[in-house]
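The values are calculated or read from the model by the stated rules, or taken from the named source; none is laboratory data. Please read these numbers as outputs of a predicted model, since none were measured by experiment. Every residue, glycine as well, gets a Cβ built from its backbone with ideal geometry; the counts of neighbours run over all protein chains shown.
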Amino acid sequence: MWSLLRRGASALGEAFFPTVCVGCRQVVLGGALPICDACDETIERIGASRCSICARRFVAGAAVVCGTCSSSPPTFARGSAYCVHGGAVAAAIARFKYGGEESLARPLGRLVRAAFEACGHGGAFDVVVPVPLHIRRLRSRGFNQAVLLVRHLGIKSAKIGVSLIERVRDTPPQTGLSARERRVNVARAFRMRPGLEKQVVGARVLLVDDVLTTGATANECARVLRNAGATDVCVAVVSRAE
């Protein structure tokens, strides 16, 4: 009886909120991931051949640690990304962030979830934290894309910590900066909100954003969370820039 009701509810939900392709907005049938066959040809998924920490793709080989993470390990323990930044997914992220297409949060959020589930740490989190925007950029854009992604992950066992960390410096955009310049740019740009540290003490935290490039922003956020008492910080994004 309950299984029939669940199937009926699922069918009803699919009828009213069908899965649409993140690239071209065509309906994708059968509850599949939100990428149609045509748009799928424009993206490169990140599979097992990746750095197990920063998710950088290797040309060949099993999941190992890349040279950068070996010599200078980041503060976060593991990273996951659905695909290399490019193609239909990159175009969708641009429309989402800069074109105000907030409805793309749902399909892009499903890609974030697919990425960290594929890495074997699908539900082992206590708190999910979106990378924050500075208040001036938030007012200009009207929303934080990471917050919207978090709301579509569907991790029922974890608390959503939207306000746990804040961006206290309105740093210039990272685009065009070298890895070193990115690290300097975001240094001390984040902090825990006073009095909220106890919410991450002993917690396994998932940090969420749209794109991971050098990992400078994620690393700085992870540093703040670890200093506040988090035992483990993982990073999950839609795509990994190369």
So how many residues does the range 86-137 have that are part of a helix (DSSP H, G or I) and at negative phi? 31
Meets criteria (in a helix (DSSP H, G or I), surrounded by fewer than 15 Cβ atoms within 10 Å (Cβ to Cβ), modelled with pLDDT under 90 and small (Gly, Ala, Ser)) for residue 32: no
Quick check, is residue 240 within 30 Å of residue 23 (Cβ to Cβ) and among the basic types (Lys, Arg)? yes
If I filter the range 61-81 for residues that are out of contact with any strand residue (DSSP E or B) (no Cβ under 8 Å at 6 or more places or on another chain) and modelled with pLDDT under 85, do I get at least one hit? yes
Residues that are among the aliphatic types (A, V, I, L, M), in a strand (DSSP E or B) and surrounded by 23 or more Cβ atoms within 10 Å (Cβ to Cβ), drawn from the range 208-240: 208, 212, 233, 235, 236, 237, 238
With the requirement that a residue be without any contact (Cβ under 8 Å) to a residue 60 or more places away in the chain and more than 15 Å from the chain's Cα centre (by Cα), what does the range 82-114 give you? 95, 98, 99, 100, 101, 102, 103
The one condition residue 158 fails out of (1) crowded, with 16+ Cβ neighbours inside 10 Å; (2) in contact with a helix residue (DSSP H, G or I) (Cβ under 9 Å, 6 or more places away or on another chain); (3) more than 17 Å from residue 213 (Cα to Cα) is (2)
